[in-house]
Each structure stands twice: as C-alpha cells, then as structure tokens.
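See below for the structure under consideration.
Here, each number is a calculation from the coordinates, and none is a lab measurement. Everything numeric in this text was worked out from a predicted model, so none of it was measured. When we count neighbours, we look across all protein chains shown, and the Cβ atoms used for this are built from the backbone with ideal geometry, even at glycine.
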Amino acid sequence: MDSRTWDTLVSSMKGTYVTGVGEGEVPRPVIMPLVRGELVGLIWLRPVEPGADALTGIAALSNIAAAAGADEVVLAWESHDVATVCRLPAAGPVPCLNMVHATPEGHVLHQFPYDEMGFAREGEATAVGIEWKAAPAPQEGGDLVAPVRAAVDYAFTPMEMDHPNPFGVTVVLMEEDGYSVRLTESLDR
C-alpha cells in the first residue's frame, strides 16, 4: 500500500472516531481489504453479544477479505471496547485507536492513543471530543488481540466456495448477518 492510501485510511478512521465519540459511541471494529493496492470497501462488525459471539464476529470480518482475494488488509479497533466486549484484558494504551496493516507475509501494528475531553458550549450540554496523544512507533509483528489476530490470519486463507461469485455471495451473507458492508464503486454490486 502506498503512503498516500495509508494516510487517507488513518485520517478517515481518526475522523470516524472523533465523530463517534462525540456522539457517545466508539465505532465498531472494521476491516478494509485491498486488492492490488485498491480499497475493496469497509466492513464494520455486526452487533455482537459479549464473549464468544464477539470473538467470532470480529474473526469473521476476514471472510470478506478472503472472498475478495485481498493481498492486504487494514483492521481498526478500539482497545478498551474490544477488550470489554470480548471479555479479555486490555492491552496497550487505553483508550486507543489501533490499526494493523497486514499482508500474507506479516503485519505492522499502529496505535493512536487519545484522551476523551469534555467541553461545554454556552447553552448546550457537555460534548465529548478527542485529543490525540503522541503515537508510539509502529510495531512490526506487534501483539494483536486474539480475534483481530484470527481475522488477520484468515483474511489470506483462500475461500473455497462452489459458486460463480464467491465475493458477491459473501457480501450478501455478511449483510444478512448484520455486518455493515460499504464497497467502493469499482466493486459495488
């Protein structure tokens, strides 16, 4: 992936987090598969129950990447939110937007810690914003929380499906399961 695409994805995710936290909700984990440097789309985690369902739901984000034949993926998630819903101990900075860029050869973990800041405008309720803190250096092969690790591993496992359009079927099935699938124009059905 070229640096311009990476910078765009990071900027987009940071903007999504600013908006989400400002509205009182941390965005759900998302996978962004790429094929030959082109973004396939953004696939957001379905609503999940805490525990095993959350672990499975996050790992299953890999299905869309596998069906697309992705050669790169980026996953984004919030440390505390994923640890809580998966019933796992929080690792690394909290709160923190994590983004992993992965290929079949390995991955690099990028962390963007932040503080939630409350502020009030005259005559309005207190709003919450984000103040981004200094990001630690990217970690080649950095530790990934278990369901994200599974999503990275399975994203590059060829999907064996006896159907003329495995990608289209996977998109439909994931949407039916409650995942939010937003494809780029070039791959939209």
Karplus-derived 3J(HN,Hα) from phi for the range 92-98 (6.51 cos²θ - 1.76 cosθ + 1.60, θ = phi - 60°), whole Hz, x at Gly and Pro, runs x, x, 9, x, 7, 7, 9
Could you pull out every residue, at least 5 positions away or on a different chain, whose amide H is within less than 5 Å of the one on Leu39? Hs are placed 1.01 Å off N in the peptide plane, and Pro or chain starts have none. none
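Once you sort the root eigenvalues of the Cα gyration tensor of the chain as a ≥ b ≥ c, which label holds: rounded (a/c under 1.5), prolate (a/b larger than b/c) or oblate (the other case)? The partial results should precede the final answer.
On the way: a/c = 1.66, a/b = 1.56, b/c = 1.07.
Prolate, since a/c reaches 1.5 and a/b exceeds b/c.
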Once phi is turned into ³J(HN,Hα) by the Karplus curve 6.51 cos²θ - 1.76 cosθ + 1.60 with θ = phi - 60°, what whole-Hz value does each residue of the range 131-141 show in order, with x for glycine and proline? 10, 6, 9, 4, 7, x, 4, x, 10, 5, x
Once you place label points 7 Å from the Cα toward the Cβ at Ala90 and Val128, how far apart are they in nm? 1.2 nm
What is the distance, in nm, between label points placed 7 Å from the Cα along the Cα-to-Cβ direction at Glu38 and at Glu105? 2.3 nm
Which order do the peptides 172-180, 21-29 take when ranked by the mean count of other beta-carbon atoms within 10 Å per residue, highest first? 21-29, 172-180
Can you bin the range 44-108 into rounded, prolate or oblate? Criterion: square roots of the alpha carbon gyration tensor eigenvalues sorted a ≥ b ≥ c, rounded for a/c under 1.5, prolate for a/b above b/c, oblate for the rest. oblate
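Does the range 1-62 classify as rounded, prolate or oblate by the C-alpha gyration tensor (a ≥ b ≥ c root eigenvalues; a/c under 1.5 gives rounded; else a/b over b/c gives prolate, otherwise oblate)?
Details: a/c = 3.38, a/b = 1.30, b/c = 2.60.
Verdict is oblate for the range 1-62.
Packing-wise, with mean Cβ within 10 Å as the measure, how do 154-166, 88-100 rank, highest first? List each step's numbers first, then the result.
Details: 154-166: 13.2, 88-100: 17.8.
Sorting 154-166, 88-100 by mean packing, highest first, produces 88-100, 154-166.
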